[in-house]
Amino acid sequence: MNLLEIRELSVEFPAGEGSVKAVSRVSFDIREGETFGIIGESGSGKSVVGLALLRLLPANARVSGNICFAGKELFFLKPSELRKIRGKRISLMPQNPAGALNPALKNGLQIGEVFERRGIEKKEGMKKALGLMKKLFLQDPEKLCGLYPNQLSGGMRQRLIAAMSLSFEPELLIADEPTKGLDPEARAGAVELFTKIKNEYGKTMLLITHDLDLAHEVCDRIAVMYAGEIVELDEASKILHSPGHPYTKGLIRAHPRNGLVPLSGQSPSRIKLPEGCFFHERCRHAAVECSRRHPEIQNHKGGRIRCHLQFLQ
Amino acid sequence: MDNVFADRFRREGFLPQLGEYGGEFAKRVFQRKDMLFALAALVLFAGVALFAPLLSPYDPNAIDLKNKNLGPSEGHLLGTDYLGRDLLSRILIGARISLSIAFGVVLISLLVGIAAGCAAGYYGGLVDECISRVIDIFLSFPGVIFALTIMGVLGSGIFNLMLALSVVQWARYARLMRGQVLSLKKQEFVLSAVTSGAGDFHIIRRHIVPNAIAPLLVLATIDLGHVILSIATLSFLGIGLPADVPEWGAMLSAGKEFMRTAPHQTIFPGLAITFVVVIFSILGDGIRDILDPHHEGGEMY
Amino acid sequence: MPSPVLAVNELKMSFGAAEVFKNVSFSVAPGETLGLFGKSGSGKTTIGRCIVGLEKPTDGEILVHGKNILAMGKKEFRDLRPKIQMIFQHPETSLDPRMKAFDSLVEPLRVRTGLKKAELLEKAEKLAELTGLRPEHLARYPNQLSGGEIQRVVLARIMSLSPDFVVADEPTSMLDVSVQAQILRLMQKVQRETGVSYLLISHDLDVLRKVCHRIAYLENGNITSIEDLRKKEVSKHARSRK
Amino acid sequence: MRYFLKRFGFMALTVFAVCALTFFLMNAIPGGTAELILKHTFVGLEESATEEQLNQISSRYNLDDPLYIQFFRWVKAAVTGEGIGTSYVFRKPVLYLLALRLPATIQLAGASMAIAVLAGVSLGIYSALRENRISDHILRVATLFGVSMPCFWVALLLILVFSLKLKLVPVAGYGSLENLFLPAAALSLHSMAAVMRVTRTSMLETLGQEYIRFAKAKGLPLRKIISRHALKNAMLPVVTVIGFQMGNLLGGTIVIEKIFAWPGIGSLLVDSISARDLPVVQGCVLAIVSMFLLVNFLVDMLYTHLDPRIRYG
């Protein structure tokens, strides 16, 4: 059963005379109860997908395509209906936990107010919040509630945000770059945290990350994005152990543990994308075909892949 | 509103980057109609100030007691004052005086402020401690009152007025510059200039000042308006310039005695002051918005 | 073992009562890469900055070619400076935003030598070739360059001084995985061609394992061990406590 | 506690430095102080004054001592509470004159500050919430003129309209509420516009923060988001500007008091400067600087109270 279906999602931002194609024709489904990962390097458009899901993009963005959540077309919803979905049925764990907490208010108030709207008594709400915080490895939650956000460490802030996001009891949790800017220890903590959320709550999750280790630990299925497109989509273990697309291969082999083999060149300009395959200039296997025709995404060995070569080989 | 997004997209390379600094800046200026308007008005005003002696229909100091306190008419477009002097001519000449004093004051305070701020921020330690204390003391004194006291000592006159106002203004530039230098000093490109063996003077001249100057220029633009207001205030109190110099504030002060019968003498000079200050406010805000995309300002019209 | 380019003896740093690190000792041979591993806040960046003279340690010795830079006169130190260079963590602030990449690249040469524009161009071309930069990159401002390109410019700029020793402070932690590999491999290539030594500071043990000859572990303000990856065995470094 | 000591120490140092500065500046005026006093004592008979009389005055006021000794004597008297000199013109203790005039200035400045803050903050918030609507545009143009019009001109226009044409309030005078109306309005306009501008900008900036987006995601009603999350943070820059505007207000009182014949310190200062009544100038400067420092001290306290990041840095 698919909880979320995205079809042909494109996002463009006007820039000078042209426009920046941040996301082009992205389609994927998220099944209920699974953890779906989008991995890609900076500028691949992965975060834009997450924001587009909740219609949180800036006003000048030109969005097209369909997003269907639990049978509802998100793009056709009225703002009032959208508000009912945001935060309650789909919640977004923001990229930067430091920015998502109000520096002038105590932590307790900020987590407690989540329950305010649902007609839950303040005391009972706090109890629930405290229980949740304890579950997410936050020690001594009562004391934390009396502190201000800037008195917490980065990892603690992230857990607090996670506790808040989960207390909405959303059907879908979107986590945008949860390990960005964290030091290795906090990163390990985050991996632990997401494994726990996945195992204990069984939530459907969309994990947007550049961190292959995190994706490997937590995700069931992974979509790899490059230059605004999905280039490969498959089971997590298959993608990370036997990738099919040359970009995915390069990305994985560039990881220090897998050999630190550099991928030559860099991602193309998003205003003027190259002819043919967006990756052909960096691809070691590039054939004549690759520089002429843009490949479509196709089924391949149970997954989906966007490459001419799979069929040439 | 969502500058958080804009910032992130810029960083991730979605948005176009600022190109060559000068060209891009000019382009942005021309995209904003409020700044275009202000720029045009400023050019007009500067032109008027430069060619005031040629443009003014009468000698601004020619006394004509037979035609005193006249309202606006064909002969005198803006009327005459209590000594029968042509108001339009006096306002035109007044533009010249106000603008030149204001530019002088801002230039002096800018230079002194940059020097003091650089010294305090770059060298730190005891130098910083001393300069910062002096800055604090100068800033703990309401500006106009300070200038007033100094003018009381020096006596009226254009040079004295410039001196008094510069003494008041420099500390704000120095404080701003110091803050800028302190944050720049920690940036990697300055550190790498240090490790590559460049001297202090080279680093200040090539790296610190060019990168620190933008907010000071914004302040300077807005300050031009403030200084013009201060000049007018002091002259209004009879302390700024000698009585026969046609200055807007002094004209207002003289005109207020005849407010019942000849209100134009108070209205027109005040309008002139407001107009100039509005121009500098728009320009200052506009420059800040263009230079600093994080600051949410928007057009001011 | 050849005489070390750099030797650090019993380096100690404290702010007031708070001790950041003490008993930090290691040495780096010519053409060698020493990794310095530590958690965030362990003071590893401060050690790097002390070595290039951006900060003054509370106590200890930093010997470059056997001479203690902390006991040097201003003049003598200034002459030595080009020999010890640093690459910083954040590419976005590593180049002056108001200077084109070319000007940033040749700035050290301009300051130290009286070379003419044509000679500078020639030098810049060689350095660009060494670091895999294309001429059009040099005509751009830093905000038109990607993080990886900036780190290349920084490396080229540093190599223009032909240093003996480079401190690289997390040079790739802000970069994407694929670019990180490019930059680290480039640094290795430059090392092979010029014989420069590196102190590579990182919190990513995988990276250090891949590119370093030896790794020093900084824990709780002490160097607890130095691992020689060429020997594939860990030799416990004697903790010298007085 | 140490902070307070340091702070008060610095305030004392500033007051001392400012007094020293004015003292030496005023004594640098060409023309001896003795002649000045003489002029005020024998009005119309200055010409007939003899050398002997001059000497007599000099020795009575100890004018023959070096300047620094005179200054030292003044400081000693001020610190021991003996008083801060006697006016040459009014032949009254300066403290007495200040006590007479201070209430009027405090009344005027206080009323103006209250108007500026109340109206400025509420209009600023209103303007921010209606960003880019018609009412916002009108208010922004109004603020632009508000900060650009000289306050004495505004005062004259107000007199012209409300006193001379409409005959609603008296032209000048002191004592009743209707006397306060025009001067307070004229004086507060500039600060009101400045406060409003900052409020609007800072409110908009706060509303763009990630924690506001997260609060929206929590499903809080807009009213609560503004009152609980936005307002406190948005007020920080406003508080700073209020302290800053106090200087502007005090500067403005000089002209406004002059125009409306308001018996405050401002007009006393201007008159004393023209008459070169050194002890009074000194006293006025002392009073104004102390007021300014005190207000800024209060503002800083308020700031610290509002921003937990400073309290628990």
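The values are calculated or read from the model by the stated rules, or taken from the named source; none is laboratory data. Just so you know, these numbers come straight off a predicted model, no measurement behind them. Glycine gets a Cβ as well: all are built from the backbone with ideal geometry, and neighbour counts include every protein chain shown. When the accessible area is computed, the model is the full protein with side chains, heavy atoms only, and any ligands, DNA or RNA have been set aside. Shrake-Rupley method; radii C 1.70, N 1.55, O 1.52, S 1.80 Å.
What are the pairs, 6+ residues apart or on separate chains, where a residue within the range D:124-136 that is open to solvent by 80 Å² or more (accessible area, probe 1.4 Å) has its Cβ under 8 Å from a residue that is among the polar types (S, T, N, Q)?
D:Tyr126/D:Ser135
Hey, which of the strands (runs of 3 or more DSSP E) in the range C:7-109, taking only ones fully inside, have at least 3 residues that are within 14 Å of chain A (Cβ to nearest Cβ) and in contact (Cβ under 8 Å) with a residue 40 or more places away in the chain?
C:33-37
Considering only residues that are under 14 Å from A:Leu233 (Cα atoms) and modelled with pLDDT under 90, look in the range A:26-57 and name the one that is farthest from the chain's Cα centre (by Cα).
Within the range A:26-57, the match that is farthest from the chain's Cα centre (by Cα) is A:Gly40.
Within the range A:31-44, which residues are open to solvent by less than 20 Å² (accessible area, probe 1.4 Å), part of a loop (DSSP other than H, G, I, E, B) and more than 14 Å from chain C (Cβ to nearest Cβ)?
Filtering the range A:31-44 down to residues open to solvent by less than 20 Å² (accessible area, probe 1.4 Å) leaves A:34-41, A:43-44.
Retained after the next criterion (residues that are part of a loop (DSSP other than H, G, I, E, B)): A:34, A:40-41, A:43-44.
Hit for the range A:31-44 is A:Glu34, nothing else.
For the range D:152-208, what are the residues that are surrounded by fewer than 19 Cβ atoms within 10 Å (Cβ to Cβ), hydrophobic (A, V, I, L, M, F, W, C), within 11 Å of another protein chain (Cβ to nearest Cβ) and over 23 Å from B:Thr274 (Cα atoms)?
Across the range D:152-208, the qualifying residue is only D:Val171.
Check off (1) open to solvent by less than 50 Å² (accessible area, probe 1.4 Å); (2) out of contact with any Cys (no Cβ under 8 Å at 6 or more places or on another chain) for D:Asp300 and give me the number that stays unchecked.
(1)
Determine, yes or no, whether B:His202 is within 30 Å of D:Ile273 (Cα to Cα), open to solvent by 30 Å² or more (accessible area, probe 1.4 Å) and in the same structural domain as B:Ile97 (by TED's automatic domain parsing). Before the answer, list the steps.
Details: within 30 Å of D:Ile273 (Cα to Cα): no; open to solvent by 30 Å² or more (accessible area, probe 1.4 Å): yes; in the same structural domain as B:Ile97 (by TED's automatic domain parsing): yes.
Spelling it out, it is not the case that B:His202 is within 30 Å of D:Ile273 (Cα to Cα), open to solvent by 30 Å² or more (accessible area, probe 1.4 Å) and in the same structural domain as B:Ile97 (by TED's automatic domain parsing).
All but one of (1) within 30 Å of D:Thr201 (Cα to Cα); (2) within 14 Å of chain B (Cβ to nearest Cβ); (3) aromatic (Phe, Trp, Tyr) hold for D:Tyr126; which doesn't?
(2)
For the range A:56-69, what are the residues that are open to solvent by 10 Å² or more (accessible area, probe 1.4 Å) and in contact with a Leu (Cβ under 6 Å, 6 or more places away or on another chain)? Step through it out loud before you land on a result.
From the range A:56-69, those open to solvent by 10 Å² or more (accessible area, probe 1.4 Å) are A:56-66, A:68; that's our starting set.
Listed by number, the residues that qualify are A:Leu57, A:Gly65.
Can you pull out every residue in the range C:188-205 that is of a type in the set (A, V, I, L, M, F, W, C) and open to solvent by less than 10 Å² (accessible area, probe 1.4 Å)? Spell out the reasoning first.
Start the filter on the range C:188-205 by keeping residues that are of a type in the set (A, V, I, L, M, F, W, C), which leaves C:190, C:196, C:199-201, C:205.
Result: C:Val190, C:Val196, C:Leu199, C:Leu200, C:Ile201.
With the structure loaded, tell me whether B:Ser192 is under 28 Å from B:Gly143 (Cα atoms), assigned to a helix (DSSP H, G or I), small (Gly, Ala, Ser) and within 11 Å of another protein chain (Cβ to nearest Cβ) or whether it fails that test. Working first, answer last.
Working: under 28 Å from B:Gly143 (Cα atoms): no; assigned to a helix (DSSP H, G or I): yes; small (Gly, Ala, Ser): yes; within 11 Å of another protein chain (Cβ to nearest Cβ): yes.
It is false that B:Ser192 is under 28 Å from B:Gly143 (Cα atoms), assigned to a helix (DSSP H, G or I), small (Gly, Ala, Ser) and within 11 Å of another protein chain (Cβ to nearest Cβ).
Go over the candidates C:Ala128, C:Ala168 one by one and state the one that is at pLDDT 90 or above, outside any helix (DSSP H, G or I), open to solvent by less than 30 Å² (accessible area, probe 1.4 Å) and not polar (S, T, N, Q).
Just a single option satisfies the conditions, and that option is C:Ala168.
Kindly indicate the residue of the range A:153-177 that is part of a strand (DSSP E or B) and either hydrophobic (A, V, I, L, M, F, W, C) or outside the structural domain of A:Thr204 (by TED's automatic domain parsing) (or both) and also surrounded by the fewest Cβ atoms within 10 Å (Cβ to Cβ) among those meeting that condition.
A:Leu172
Got at least one residue in the range D:239-250 being open to solvent by less than 10 Å² (accessible area, probe 1.4 Å), in contact with a Lys or Arg (Cβ under 7 Å, 6 or more places away or on another chain) and either modelled with pLDDT under 90 or in the same structural domain as D:Met26 (by TED's automatic domain parsing) (or both)?
no
Any chance the range A:229-236 includes a residue that's at pLDDT 85 or above, buried (at least 20 other Cβ atoms within 10 Å of the Cβ), within 22 Å of C:Thr172 (Cβ to Cβ) and not aromatic (Phe, Trp, Tyr)?
no
Taking helices (runs of 4 or more DSSP H) that fall entirely within the range A:74-152, which contain at least 1 residues that are within 11 Å of chain D (Cβ to nearest Cβ) and open to solvent by 70 Å² or more (accessible area, probe 1.4 Å)?
A:79-85
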